[in-house]
Amino acid sequence: MKKILTALTLLVLLCGCKRKSTDEGSIIYQVEYQLPDSLKQFAMYLPKEATVYFKGDSTVSIQKSNEESTTIITDKKTGFMRALLKSPAKQYVVDYSKAEQSLETGHLQPHTIAQQKDTKTIAGFKAVKYLVKDKLSGETTEMWFTKDISIIPNSLTLMLDPALGVPLEFTINQNGVKTKTTVKEVRFEPVPASIFATPTGFVPLTPQQLREMPVGN
């Protein structure tokens, strides 16, 4: 009996160790685009990588291209979302209400999703394949999720179902622009609170003002 109890204890410990959960660290994403012909001229201006920091209920995603950058800060507990837009000429800060946030993060078209038997390793974690079918276009894309770790959703992943796990590779079609996002690296390490702060010098805008702003400002 003692041997059986010892074996069960070890099994429980091993199962608990497999699902690593921590509340702070960083994620590096690789971002690829499939653009329609009318937008291919802008490909060089799009960010090819994104860095996300997470701590407790807060996340901050940073995407840079050339001399411009977009930073989005979120807080799951309070429903807070703030965007910091920076270029050599201008710096803007935009706060989004909960109602306005879906316009910023986007959403999936009506779809069905089915788990597959396929698995692969992405950034060192076992990922399970899902097939996502757009009900309107009939197009099918792949998404890969892992449940080996637990990480709070960020602005890049808010539209995806957290019950499926942590998304490690996924393709989103927004207004004809397909964006494939793949996790390159996950680090579990202390994140300073200052990373979520807003620097001085940013001009406040409303989401509506930002949408109405001429391109190039």
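The values are calculated or read from the model by the stated rules, or taken from the named source; none is laboratory data. Please read these numbers as outputs of a predicted model, since none were measured by experiment. Neighbour counts run over all protein chains shown; Cβ positions are idealised from the backbone, glycine included. Note: areas computed on protein heavy atoms with side chains; ligands, DNA, RNA excluded. Shrake-Rupley method; radii C 1.70, N 1.55, O 1.52, S 1.80 Å.
Remarks
- For the stretch 165-217: rounded, prolate or oblate by the Cα gyration tensor [a/c cutoff 1.5]: oblate
- One Cα centroid belongs to the stretch 173-217, the other to the stretch 76-145; the line between them spans 13 Å.
- Each stretch of four or more DSSP H residues adds -39500 (n - 2.57); spread over every residue of the chain, this sum gives -4000 deg cm²/dmol at 222 nm.
- T22-Q41 pseudo-label distance in nm [points 7 Å out on the Cα-to-Cβ vector]: 4.7 nm
- Square roots of 5 times each gyration tensor eigenvalue, C-alpha, the stretch 68-217, largest first, Å: 30, 20, 13
- Amide hydrogen proximity for L168: with H placed 1.01 Å from N in the peptide plane, the residues at 5 or more positions away or on another chain lying under 5 Å are W144, F145, T146.
- Choice from V94, V166, V177 with maximal GNM fluctuation in the chain (Cα, 10 Å cutoff): V177
- Share of carbon and sulfur in the accessible heavy-atom surface of the stretch 102-176 [1.4 Å probe, %]: 49 percent
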